[in-house]
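The values are calculated or read from the model by the stated rules, or taken from the named source; none is laboratory data. None of the values given here were measured: they were computed from a predicted structure. Cβ sites come from the backbone with ideal geometry, for glycine too, and all protein chains shown count toward neighbours. Protein only, heavy atoms only, side chains kept; ligands, DNA and RNA dropped before computing areas. Shrake-Rupley method; radii C 1.70, N 1.55, O 1.52, S 1.80 Å.
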Amino acid sequence: MKIEVIKGDITKLTVDAIVNAANTSLLGGGGVDGAIHKAGGYEILEECKKIRNKQGGCNVGDAVYTTGGKLHVKYVIHTVGPTWNNGRSKESTHLTRCYQNSLRIAVELKVRSIAFPNISTGIYRYPKAEAAIIAIETIKQHQPVHLQRIIFVCFDEDNFKIYYDYLNG
Ligand code: AR6
């Protein structure tokens with residue numbers, strides 16, 4: 001399995017699945033969530049609404065999946081990261097579960113390539129370096145067999161540098 005890091009916009013990628021940093025409502029929002037819904041179109045939102053009707057949204061640390069809509073991906077895996085609360089609300093456990101549950105769904109869907117944004121490090125204010133270690137170490141521990149490519153997509157320079165240095169250091 002190859003772990004890659006790139007700087008850019010996750011909505012532009014052609015991979016089997018991308019992961020969305022959603023919120024518990026699954027109805028979209030700002031940041032990467034807004035970008036994915038905007039580029040992916042109404043189909044993604046329609047499927048999110050169906051999931052909401054069935055299970056009432058998505059809890060922090062959990063993940064669900066929808067079609068990729070108009071994106072160049074088969075699936076969008078929506079996971080809900082924790083809001084940073086100075087480490088007082090089990091944020092690291094929740095963030096670890098985001099990556100674990102997204103990977104579990106990727107295995108179920110037999111995806112061979114998956115791209116992750118830097119979950120929780122934007123609007124939810126998780127410290128970037130700590131979030132990167134959780135992301136990379138959780139992925140390294142799981143390594144599903146048929147997953148050939150894992151791409152960390154960094155939108156900002158800070159995250160790109162943190163991931164690049166950690167993976168190449
Ligand atoms: N491609 C890749 N990464 C991106 C993109 C993009 N197009 N746009 C932003 N990022 P955030 P969170 C990066 O705020 O912190 C939403 O309103 C961004 O630079 O998107 O988990 C949801 O609905 C940052 O590094 O997600 C929730 O309410 C990372 O994506 C809330 O924000 C995550 O930033 C979730 O907050």
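Only one entry of ILE51, ILE36, ILE10 meets the criterion of being among the β-branched types (Val, Ile, Thr), more than 27 Å from ILE162 (Cα to Cα) and touching a strand residue (DSSP E or B) at 6+ places or on another chain (Cβ under 9 Å), and that entry is ILE51. In this structure, LEU147 qualifies as in contact (Cβ under 8 Å) with a residue 60 or more places away in the chain, open to solvent by less than 10 Å² (accessible area, probe 1.4 Å) and closer than 28 Å to MET1 by Cα. The single condition from (1) open to solvent by 50 Å² or more (accessible area, probe 1.4 Å); (2) touching a helix residue (DSSP H, G or I) at 6+ places or on another chain (Cβ under 6 Å); (3) under 19 Å from VAL64 (Cβ atoms); (4) of a type outside the set (A, V, I, L, M) that LYS128 fails is (3). Residue pairs whose Cβ atoms lie under 9 Å apart, separated by 6 or more positions or on different chains, with the first residue in the stretch 1-29 and under 12 Å from PHE116 (Cα atoms) and open to solvent by less than 20 Å² (accessible area, probe 1.4 Å) and the second of a type in the set (Phe, Trp, Tyr) and near the ligand (Cβ under 7 Å from one of its atoms), are ILE10/PHE155.
Out of LYS110, LYS140, report the one residue that is away from the ligand (no atom under 16 Å from the Cβ) and under 15 Å from VAL5 (Cβ atoms).
Values: LYS110 fails: under 15 Å from VAL5 (Cβ atoms).
Unique residue meeting the criteria: LYS140.
Specify which of the listed residues (GLY41, GLY56) is on the phi > 0 side of the Ramachandran plot, surrounded by 13 or more Cβ atoms within 10 Å (Cβ to Cβ) and more than 14 Å from the ligand (Cβ to nearest atom). Steps first, answer last, please.
On the way: GLY56 fails: surrounded by 13 or more Cβ atoms within 10 Å (Cβ to Cβ).
Just one listed residue meets the conditions, GLY41.
Where strands (runs of 3 or more DSSP E) sit wholly within the stretch 1-117, those with at least 2 residues that are over 12 Å from the mean Cα position of the chain (by Cα) occupy 2-7, 15-22, 63-67, 73-80.
Among the candidates ASN85, ASN101, single out the residue that is of a type outside the set (Ser, Thr, Tyr), open to solvent by 50 Å² or more (accessible area, probe 1.4 Å) and farther than 16 Å from LEU13 by Cα. Can you show your working first?
Numbers: ASN101 fails: open to solvent by 50 Å² or more (accessible area, probe 1.4 Å).
When all the criteria are applied, what remains is ASN85.
There is no residue in the stretch 121-138 that is of a type in the set (Phe, Trp, Tyr) and in a helix (DSSP H, G or I). Within the stretch 123-137, residues that are closer than 18 Å to VAL5 by Cβ and within 9 Å of the ligand (Cβ to nearest atom) reach partners that are assigned to a loop (DSSP other than H, G, I, E, B) and among the β-branched types (Val, Ile, Thr) with beta carbons closer than 9 Å, at six or more positions or on different chains, in the pairs TYR126/THR83; TYR126/ILE119; LYS128/THR121; ALA131/ILE119; ALA131/THR121.
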